[in-house]
1. Within the bounds of segment 157-179, is there any residue that is farther than 17 Å from residue 92 by Cβ and in a strand (DSSP E or B)?
2. Check 51, 65 and return the single one that is outside any helix (DSSP H, G or I), buried (at least 16 other Cβ atoms within 10 Å of the Cβ), over 15 Å from the mean Cα position of the chain (by Cα) and at pLDDT below 95.
3. With 258, 180, 224 as the choices, which residue is in contact (Cβ under 8 Å) with a residue 12 or more places away in the chain and in contact with a strand residue (DSSP E or B) (Cβ under 9 Å, 6 or more places away or on another chain)?
4. Can you pull out the residues in segment 82-95 that are surrounded by 17 or more Cβ atoms within 10 Å (Cβ to Cβ) and either touching a helix residue (DSSP H, G or I) at 6+ places or on another chain (Cβ under 8 Å) or over 13 Å from residue 116 (Cα atoms) (or both)?
5. Does at least one position in segment 80-93 carry a residue that is in a loop (DSSP other than H, G, I, E, B), in contact with a strand residue (DSSP E or B) (Cβ under 8 Å, 6 or more places away or on another chain) and closer than 27 Å to residue 147 by Cβ?
6. Among the candidates 110, 130, single out the residue that is modelled with pLDDT of 95 or more and either assigned to a loop (DSSP other than H, G, I, E, B) or more than 24 Å from residue 154 (Cα to Cα) (or both).
7. In segment 221-248, what count of residues is obtained for those that are under 27 Å from residue 160 (Cα atoms) and outside any strand (DSSP E or B)?
8. Might you check whether a residue that is touching a residue at least 12 places away in the same chain (Cβ under 8 Å), buried (at least 16 other Cβ atoms within 10 Å of the Cβ), in a loop (DSSP other than H, G, I, E, B) and in contact with a helix residue (DSSP H, G or I) (Cβ under 7 Å, 6 or more places away or on another chain) occurs anywhere in segment 186-208?
């Protein structure tokens, strides 16, 4: 990582932690730059920062980005903690089905998480993975950069299509749900999370699972996850995880797992 990107990431970390302390219910995802990135949000007062829950914001952001750079929320798959978490989850899903399994990575943005998982040398389970985002601009960009991976446009706040219903075994969420909680009043947040979780439930089969990495503590998240009609069991498990960063500091996040 270049010195410039490292400085940018440090500033973002400081801003995000400040935001999380000011309003725990709507933390902004921590970010790690892997190449180049549009960081026009940095240095803004929390109330003046973009509405990350608004799809139009992301389309405008990606449409104005003419670089080939990619951007990772939290950390990359190469981080040993994240790799261990996801490898364990993926292997567990495969073991439960004993056949090739299919994963969905919604809200992929310009992250290479799905690409990295599919090219991993530490995974022995036979899998396939689809990357989706609501932004046509970023889907086009990533399909051009990584044509061997699967990318398509999908709105995860809308009911899934008939042909997509039950087509996945599990969903991998790396801070997408956090973004839905970064704007609007409480009722808007409840509606968005419910619509999102319902969509994830609809696209997975009757034994489907969802793993979610979040910077929201259980005290600020469970009321969203346990709404009636989300399509998942109320027995959501949660694990507190400490992730070592490249600069020697450590970030704390929570990993939630949903079952049916």
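The values are calculated or read from the model by the stated rules, or taken from the named source; none is laboratory data. The structure displayed is predicted, hence computed values, not measured ones. Please note: Cβ atoms are built from the backbone with ideal geometry, for glycine as well, and neighbour counts cover all protein chains shown.
1. Among the residues of segment 157-179, at least one is farther than 17 Å from residue 92 by Cβ and in a strand (DSSP E or B), which makes the answer yes.
2. 65
3. Every option except 258 fails the conditions.
4. 85, 86, 89, 90, 93, 94
5. no
6. Exactly one residue qualifies, and that residue is 110.
7. 16
8. no
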